[in-house]
2 protein chains.
Amino acid sequence: MSNITIEQMRFWSPEVRELEPYVPGEQPKIQNLLKLNTNENPYPPSPKVEAAVQAVLANQADALRLYPDPDATALKQAIAKQQNVDITQVFVGNGSDEVLAHIFKAFFIQKEPILYPDITYSFYPVYSQFFGIHTQQIPLNENFEIDVVDYKQVNGGVIITNPNAPTSIALGLDQIEQVLQANPNRVVVIDEAYVDFGAETAVQLVDKYENLVVCQTTSKSRSLAGLRVGFAIAQSHLIAALEAVKNSFNSYPIDRFAIAAAVASFEDQAYFEAQCEKVIDSREKLISELTVLGFQVLPSKANFIFATHPKYDAAQLTQQLREQGILVRYFNKPRINQFLRITIGTDEQNKRLVDTLKTHIL
Amino acid sequence: MSNITIEQMRFWSPEVRELEPYVPGEQPKIQNLLKLNTNENPYPPSPKVEAAVQAVLANQADALRLYPDPDATALKQAIAKQQNVDITQVFVGNGSDEVLAHIFKAFFIQKEPILYPDITYSFYPVYSQFFGIHTQQIPLNENFEIDVVDYKQVNGGVIITNPNAPTSIALGLDQIEQVLQANPNRVVVIDEAYVDFGAETAVQLVDKYENLVVCQTTSKSRSLAGLRVGFAIAQSHLIAALEAVKNSFNSYPIDRFAIAAAVASFEDQAYFEAQCEKVIDSREKLISELTVLGFQVLPSKANFIFATHPKYDAAQLTQQLREQGILVRYFNKPRINQFLRITIGTDEQNKRLVDTLKTHIL
């Protein structure tokens, strides 16, 4: 934005002049690059996904010229069935980023500040600024864990990533219930982008707590990052708020291919579970190997790990890996600027990472 | 929302409790239904679009598991080339509805009210409420035309649909220039969802006016409603505001299939022009035939017409057509509650409409 003059800025809404947008991980197009920086799944989605896209092309002459179902009913049905909830308890959006944006608008514009950890998904402060939401960041403890006692103070809502990112550490459902019980008049959002890699989902608490919203995505565990489908599960009175917001913003956010492909994914539970198991197994192996190399790795329930090495600077390691064609994510932020966030690849990819560290760097 | 109790409403952001969402035209799944109610194109998109989707599936093992390019650079390049502008002058979003939402946030949150016609796209008041934007609706004249003199008063911005919807009437560029010149410190948005069916595009004015934003969609003239791709053209300092907003809301709004398909559409200019010509020809024929039946039809530059019959009630006609399997759009609003908005179909579809009116209704 450096080329924009003060005079040209007069056209902008005043509040937009102050925005500090989110910066996603890089998506470069370099040959033989090993991308361990944006927590994508190393495996393709269920083969039924490609078949579903082919079916859209083959069977529906009207697949492209007609608007999609604005309610994405087929997708909500597939999610409801897989998650064992009622269809009125399902909201869908253009990636969980859009679902989260609608959640912030629907529930968090309150007089009191919302609460979230100081170290968590860095889009939360961005949404908050976008909607003019007050925030209070709660420091993780010295082990980078969330202490749920901290979420019992007056607030306008709570959002917790579970497992947390980029720390990878998960809370148990008993701890989440403490937060829910402490905030009977405020919405508590559990952002479960990474839950399928070993943590417990709070979806099973939805019928019990009228203030719970659980957000998930198909981008990680279902290998559909390229398609943009996220969803929320909550009691229907909260889903209604999300629908009111969505229908005041964009009537048809999910296209016909995305609906069909995501439906196919939710209908292939066996493939989904098998791929998640493979990622979990690879994670445990990688943690062992990095520990042997002297890394300290936080206990991960995600498809990534958060690792630090007492003898090597994290920013420098990131740069050295990059020179060897391996991208990891580095956050130049207080408390975590000596950590690398490393996405779990296939065993072969993880071996390339470990070998590169051994041979070229450490 | 009737099932939600006051007590449950305590979870909602107070401002969200007041929202009145947009209601899109119906998308029912009825056999042999003739859908002339949501201004879709009766023809499929370029065959190159399907080929592009197949290429994504066939050539990219990583098509689905990896995030799309957050900037959709390939799509911006294709649009820039087709529209003869620089890539820095292009913004893309998840349908023009999302592009418009970002436009309202980026430019229209000002102290003064934005101006738009009393009869126009009914999403504008919805966006305005969503973002807390003050509005002033300017009545169309007695011929349902926009009088540009009315847009020379103090305002926080102007948005004009051209051709207007649901009236179908177009403004000339000389009139649009009057609005641009009268508002040198405010953004003037020309929403050109229907421009390709016979009106003049304001894109050619972008280099001349630093306050102009032109919004278009692939949903109508490019037969890609099922895919959700809209775009805006403006000088780069205005595009930067839209990017700041977009990147504070959703990093990756356009999926890999949509990017590839829309690129293919923009690269097939000959097909695009031929299909638009067919719709225009069919429109002129349909207007003649409806006029013979006693309808009064406003002069259309769109892929729909706005028609009234002095002897028949419009709501009743809508219902009678529905009983015969033909959907048209009816707006129960002041000034236009005796009009039908009828999407232009193929000649065969239009004949079914005319025959049905003759045989069963009039």
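Note on A:6-19: average number of Cβ atoms from other chains within 10 Å of each residue's Cβ is 6. Packing, as the average of other Cβ atoms within 10 Å across residues, places the peptides B:88-97, A:9-18, A:198-207 in the order B:88-97, A:198-207, A:9-18, highest first. Of all residues in chain B, the one whose Cβ lies closest to the rotation axis carrying B onto A, together with that distance in whole Å, is B:PHE257, 2. Using C-alpha pairs below 8 Å separated by at least 6 residues, the relative contact order for segment A:286-362 is 30 percent. Taking every DSSP helix (H) stretch of at least 4 residues in chain A, weighting each as -39,500 (n - 2.57) and dividing the sum by the residue count yields a mean residue ellipticity at 222 nm of -10500 deg cm²/dmol. Taking amide H as placed 1.01 Å from N in the peptide plane, the amide H of A:PHE304 sits under 5 Å from that of A:ILE344, each at least 5 places away or on another chain. DSSP beta bridges confined to segment A:47-268 are antiparallel in about 40 percent of cases. Packing, taken as the mean count of other beta carbons within 10 Å per residue, orders the peptides A:326-337, B:65-76, A:244-255 from highest to lowest as A:244-255, B:65-76, A:326-337. For chain B, the alpha carbon positions stretch 54, 54, 53 Å along the principal axes, listed from largest to smallest. Computed from backbone phi, the HN-Hα couplings of segment A:329-340 come to 9, 10, 10, 7, 10, x, 6, 10, 7, 10, 10, 10 Hz, rounded to whole numbers (Karplus: 6.51 cos²θ - 1.76 cosθ + 1.60, θ = phi - 60°; Gly and Pro given as x). In order along segment A:299-305, phi translates into HN-Hα couplings of x, 9, 10, 10, 9, 8, 10 Hz, rounded to whole numbers, per the Karplus curve 6.51 cos²θ - 1.76 cosθ + 1.60 with θ = phi - 60° and x for Gly and Pro. Along segment A:91-106 the Karplus relation, 6.51 cos²θ - 1.76 cosθ + 1.60 evaluated at θ = phi - 60°, assigns HN-Hα couplings of 10, 10, x, 6, x, 5, 4, 5, 4, 5, 4, 5, 4, 4, 5, 5 Hz to successive residues, with x for each Gly and Pro. If you plug the beta carbon distance of B:LEU293 and B:ALA51 into 1/(1 + (r/R0)^6) with R0 = 60 Å, you get a FRET efficiency near 0.90.
Positive-end ranking of B:PRO68, A:PHE231, B:ILE114 along the dipole of the protein assembly as shown, with charges on Cβ about the Cα centre, is headed by B:PRO68. Work out the FRET efficiency for B:LYS333 and A:ILE87 from their Cβ-Cβ distance, taking R0 = 41 Å, and round it to the nearest 0.05. Step by step, r from the Cβ atoms, then E = 0.80. Taking 60 Å as R0, compute the FRET efficiency from the Cβ-Cβ separation of B:HIS360 and A:ALA270 and round it to 0.05. Working from the Cβ atoms, E equals 0.70.
A simple spin-label model places pseudo-atoms 7 Å from Cα toward Cβ; at A:VAL23 and A:GLN153 they are separated by 3.0 nm.
Relative contact order of chain B, taken over Cα pairs closer than 8 Å and 6 or more residues apart, is 23 percent. Label-point spacing at B:TYR43 relative to the other copies reads 4.5 nm, in ascending order, each point sitting 7 Å out from Cα along Cα→Cβ.
The mean number of partner chain beta-carbon atoms within 10 angstrom of a residue's beta-carbon across peptide B:225-232 is 6.
Quantify how much of the Cα-Cα distance distribution of segment A:23-103 extends past 15 Å, in percent. Result: 76 percent of Cα pairs exceed 15 Å.
Averaged over the residues of A:21-31, the number of partner chain Cβ atoms lying within 10 Å of the residue Cβ comes to 4.
Just so you know, all these numbers are worked out from the coordinates, no wet-lab data involved. Keep in mind it's a predicted model, so treat the numbers as computed, not measured. Ideal geometry is used to build each Cβ from the backbone, glycine not excepted, and the neighbour counts take in all protein chains shown.
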